[in-house]
Amino acid sequence: MKYVIDGIGMEKFLGLVEEKLGQAFTRVPVEAMAPRPAFDRMAHIGVHKQKQEGLNWIGVALPLGKVTCEQMRGLAKIAQDLGDGDIRLTVWQNLLIPGVRDANVELAIAAIKAMGLDVETSQVRAGLIACTGRAGCKFGLADTKRTAARIADWCDPLVSIETPINIHLTGCHHSCAQHYVSDIGMIGARIPVGDTDDTIDGFHIFTGGGFGPDADVGQEVFHDVTAEDAPVYVERLLRAYLSHRTSSDETFLSFARRHDGETLRKLADAEVSS
C-alpha cells in the first residue's frame, strides 16, 4: 500500500477509494484538528501511575525485544499474581504489565529483576530497535540485532545522553524497524571487501527522521559503514550532538535538523581526535 500511495499521491488514492465506495469522504482542514497531546517518550520503561487510583503499569526493558520462554512464563505469572492479568506489547520492542497495585510495585520489580530483566535502562537502550535482520529474514543484508547490541555496549560507557534518542536498525529496504523516521536510522547493506567479490555486513546511516508532530524522513550521513565500525560512527554522532547542541535541552532531532548531511559528517568525523 505504501508504494501505491507513494506512486499516485494521497489525493488520487482517496479519490479512487471514494469512487469504489460510491460516496465522498468528509474532509476536515488540518487547521481545524486539535493538536496531538504531549507524550512521555520514556513511558514504555519503568513504573507509571495509571488513571485508576492506586494502580500502575510497569514497562519491562527487553534486550532488543528478546525474551526466553522461562522469562515469558515468569512475566505471565507476575501479570497474573500482581497485575490485572494482561501483558501489553509496545512498538519499542518491550512490554507493559498493567494493573499493579501500589503495594505490589516493589515486589513486581524484584521478581522482574530476579529473572534477568529490568525496569530501568539507558536512553540509548530505551530507544534502540532492531528488526530480525539477516539472522532470521531472507531479505536481511546485515545482522541487525547483534550490531544493535554492540552499539549499546560500546556507547553506554562512553557517551552520557540525558535526552530521549531513537536508534533504529533495519536489515533491508522493507524497513520493518522504520529507520527513516528515527533520530539515527541504519539500513543494512553488503559492503565490498577490496577488489574481490566478497561482501560483509554493513549499514548506511541516516539522521533527522521523526514521527507524530515531528514527522519527516531522515537524511543520509554515512554510506557503506561496516557493521564492525558502526558503534564508533554512532558514538561520533552522539559526541557531535553533545559538543554542538545549543543547550542541554536541545534534542538530538533538533540538532540533526539544523545541519545537512555533509556538515553532520564533518562534525562527527572531528570527534575522532577529541
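The values are calculated or read from the model by the stated rules, or taken from the named source; none is laboratory data. No experiment lies behind these values; they were computed from the predicted model shown. Positions of Cβ are generated from backbone atoms using ideal geometry, with glycine treated the same way; all protein chains shown enter the neighbour counts.
The table below gives the values:
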item	result
Test: residue in the range 238-253 that is of a type outside the set (A, V, I, L, M), under 20 Å from the mean Cα position of the chain (by Cα) and on the phi > 0 side of the Ramachandran plot	no
Hey, ILE161 of a type in the set (Val, Ile, Thr) and without any contact (Cβ under 8 Å) to a residue 40 or more places away in the chain or not	no
Residues within the range 113-137 that are in the same structural domain as VAL181 (by TED's automatic domain parsing), part of a helix (DSSP H, G or I) and surrounded by fewer than 17 Cβ atoms within 10 Å (Cβ to Cβ), tallied	1
All positions within the range 176-206 that are under 30 Å from ALA34 (Cβ atoms) and either in contact with a helix residue (DSSP H, G or I) (Cβ under 6 Å, 6 or more places away or on another chain) or in a strand (DSSP E or B) (or both)	ASP183, GLY185
Single residue of ILE187, ILE161 found to be of a type outside the set (Ser, Thr, Tyr) and modelled with pLDDT under 95	ILE161
Filtered residue count, the range 1-17, keeping only those that are in a loop (DSSP other than H, G, I, E, B), surrounded by 10 or more Cβ atoms within 10 Å (Cβ to Cβ) and hydrophobic (A, V, I, L, M, F, W, C)	0
Subset of the range 254-274 that is assigned to a loop (DSSP other than H, G, I, E, B) and not charged (D, E, K, R) - its residue that is farthest from the chain's Cα centre (by Cα)	SER274
So ASP195, is it surrounded by 14 or more Cβ atoms within 10 Å (Cβ to Cβ) and more than 23 Å from VAL272 (Cβ to Cβ)	no
Strands (runs of 3 or more DSSP E) (entirely within the range 45-112) containing at least 3 residues that are among the charged types (D, E, K, R) and closer than 30 Å to ASP156 by Cα	none
Residues within the range 18-42 that are at pLDDT 90 or above and surrounded by 10 or more Cβ atoms within 10 Å (Cβ to Cβ), tallied	4
Qualifying residue in the range 74-92 (condition: touching a residue at least 24 places away in the same chain (Cβ under 8 Å), of a type in the set (Phe, Trp, Tyr) and surrounded by 12 or more Cβ atoms within 10 Å (Cβ to Cβ))	yes
